[in-house]
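Heads up: the structure comes next, in structure tokens.
The values are calculated or read from the model by the stated rules, or taken from the named source; none is laboratory data. Predicted model, so just to flag it, every value in this text is computed and none were measured. Note: ideal-geometry Cβ built from the backbone for every residue, glycine included; neighbour counts use all protein chains shown. For the accessible areas, the whole protein counts, side chains as well, though only heavy atoms, and no ligand, DNA or RNA atoms are used. Shrake-Rupley method; radii C 1.70, N 1.55, O 1.52, S 1.80 Å.
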Amino acid sequence: PESADGKKWVIFLDEFTHATPVMQNIGANILDGIIGDYEIAWDRCFIVTGGNRPEDGAGAFDVLTNVITRIVWSHVKTTFSEWETWAFENGLAIDLIGFLKANEHYFNMEPPKDNTTYGCPRTWHYVSADMTAQGALWYENDGDTLNMLIGEVGIAPALDFLNYAKTKKENFSMDKIMAGEIPDMGDEHRTAILYSLILEANHRINSWIREAMHNPSFLTVSGHERDEKLVKILGENVKKINNVYKWISQEAIEPAFQVLLNRYQAPEVKSILRNAIISHDAFSPSRQAYEKILGVMRTG
């Protein structure tokens, strides 16, 4: 691509570390830009290799020194913050994202020595897909669900995640919060549950505001008329948003969590909702909580 330091093509030698020493020596010639009698034009090409480390237990070989000295060698590891953004935007299970945010030690574990499965971005993606496919059944079939989880991420992450997921499912409902109920957060899995609830609230708020933004009647107005039109389009969802802000602003919830209600909103959603909260009386229950959150963000 043009973005690759002006180069026009990328040759990607994937799973290079799975090549035998003999094949790596052949690969060394390619890294020098020579393929048989053909010489790569470096003004048009960029070469990248990729592969697992031997200690990852993926059947990789040690890379030969004559290959190592022909490349810029980097170890790449996904961070949770990068994955979290991707997972939220791509619809992975909210409960799973919240759990991993509070338990990052399970997110990208070192491969076990006994060659069993473990928590990593790939296997947690499997868990999310399983939860989405089964829906309510995932929470009801304890034995089957636990066995599947153990096979996906290993024993310790499986036990902890299932215990958390069932606790949240049974005791903490975003529907009830949006209806005005204030749950006692307690201590068990408190951090993970708060993350999950805030993510879930923002997922809904983002969806509602984006839907309103694409309504033809919203696109034809501006200024205060736009706030009025937003309130009309949202309907009963205005009350639900107010109840979310009232819930998050209570003294029992730490400021560090309160600010996440704003931070997790999509940029375009945040701007439109902020204007409506500040300007329209229908959002007056949210206004005080919103101003409190802004104060926390300024000082923190």
Seminar exercise, completed: Between Lys176 and Arg53, the two model label points (7 Å from Cα along the beta-carbon direction) sit apart by a distance in nm of 4.5 nm
Exercise. Which listed residue (Ile68, Asn147, Trp124) has the Cα farthest towards the positive end of the charge dipole for the range 52-191, taking +1 on Lys and Arg C-beta and -1 on Asp and Glu C-beta about the Cα centre?
Worked result: Ile68
Exercise. For the chain, which span is the longest to avoid every loop-located (per DSSP) member of GluC sites (Glu not before Pro) having at most 14 other Cβ atoms inside 10 Å?
Worked result: 16-180
Problem set entry | Kirkwood Rh, Cα atoms: Rg over Rh of the range 160-283 | 1.01
For this session: In vacuum, with every alpha carbon of the range 92-201 counted as one equal point scatterer, what does the Debye formula give for log10 I(q)/I(0) at q = 0.20, 0.21 Å⁻¹? Two decimals, please.
Result: -1.06, -1.15
For this session: Can you tell me the dipole magnitude for the chain around its Cα centre, using point charges on the Cβ only (Lys, Arg +1; Asp, Glu -1), in Debye to the nearest 20?
Result: 1100 debye
Exercise. What is the ratio of the Cα radius of gyration of the range 34-155 to 2.2 N^0.38 Å, where N is its residue count, to two decimals?
Worked result: 1.43
Exercise. What range in the chain is the longest one free of chymotrypsin sites (Phe, Trp or Tyr not before Pro) that are in a loop by DSSP and have at most 11 other Cβ atoms within 10 angstrom?
Worked result: 74-300
Exercise. HN-Hα J couplings of the range 28-35 from phi, Karplus 6.51/-1.76/1.60, θ = phi - 60°, integer Hz, Gly and Pro as x?
Worked result: 4, 5, 5, 5, 7, x, 10, 10
Problem set entry | Estimated FRET transfer efficiency when R0 is 22 angstrom, pair Thr167-Arg263 (beta carbons, to 0.05) | 0.30
Problem set entry | Per DSSP, loop trypsin sites (Lys or Arg not before Pro) in the range 86-158 with at most 10 further Cβ within 10 Å | Lys113
Exercise. If you take the Cα atoms of the range 131-185, find Rg, then find the Kirkwood Rh from the mean of 1/r over all pairs, what is Rg/Rh?
Worked result: 1.06
Exercise. Which distance in nm do the two modelled labels at Asn275 and Tyr38 give, with both placed 7 Å along the Cα-to-Cβ direction?
Worked result: 5.5 nm
Exercise. Roughly what angle does helix 142-153 make with the longest principal axis of the chain, taking Cα atoms, 0 to 90 degrees, to the nearest 10?
Worked result: 40 degrees
Seminar exercise, completed: Listed by chain and number, the residues whose amide H is under 5 Å from that of Ile11, excluding neighbours fewer than 5 places away on the same chain and using placed H, are Phe46, Ile47, Val48
Seminar exercise, completed: In this structure, the FRET efficiency calculated for Thr116 and Arg190 from their beta-carbon separation, with R0 = 22 Å, to the nearest 0.05, is 0.15
Exercise. On full extension of the chain, what length is gained from Glu254 through Ile26, given 0.36 nm per residue of separation minus the C-alpha to C-alpha distance?
Worked result: 76.2 nm
Exercise. What number, in percent, do you get for the relative contact order of the range 88-179 if the mean sequence gap of Cα pairs under 8 Å and at least 6 apart is divided by its residue count?
Worked result: 26 percent
For this session: Just subtract the alpha-carbon distance of His214 and Leu13 from 0.36 nm times their residue separation and send over the number in nm, one decimal.
Result: 68.0 nm
Exercise. Out of these labelled values of volume of the Cα convex hull per residue in Å³, (1) 123; (2) 145; (3) 198, which was calculated from the coordinates shown here?
Worked result: (3)
Seminar exercise, completed: The FRET efficiency for Thr132 and Glu104, from their Cβ-Cβ distance with R0 = 22 Å and rounded to 0.05, is 0.50
Exercise. With contacts defined as alpha carbon pairs under 8 Å and 6 or more residues apart, what's the relative contact order of the chain in percent?
Worked result: 13 percent
For this session: Enter the accessible area per residue of the chain (Å², integer; probe 1.4 Å; all protein chains in place).
Result: 55 Å²
Problem set entry | Linear extension gain, Glu228 paired with Cys45, 0.36 nm per residue minus alpha-carbon span | 60.4 nm
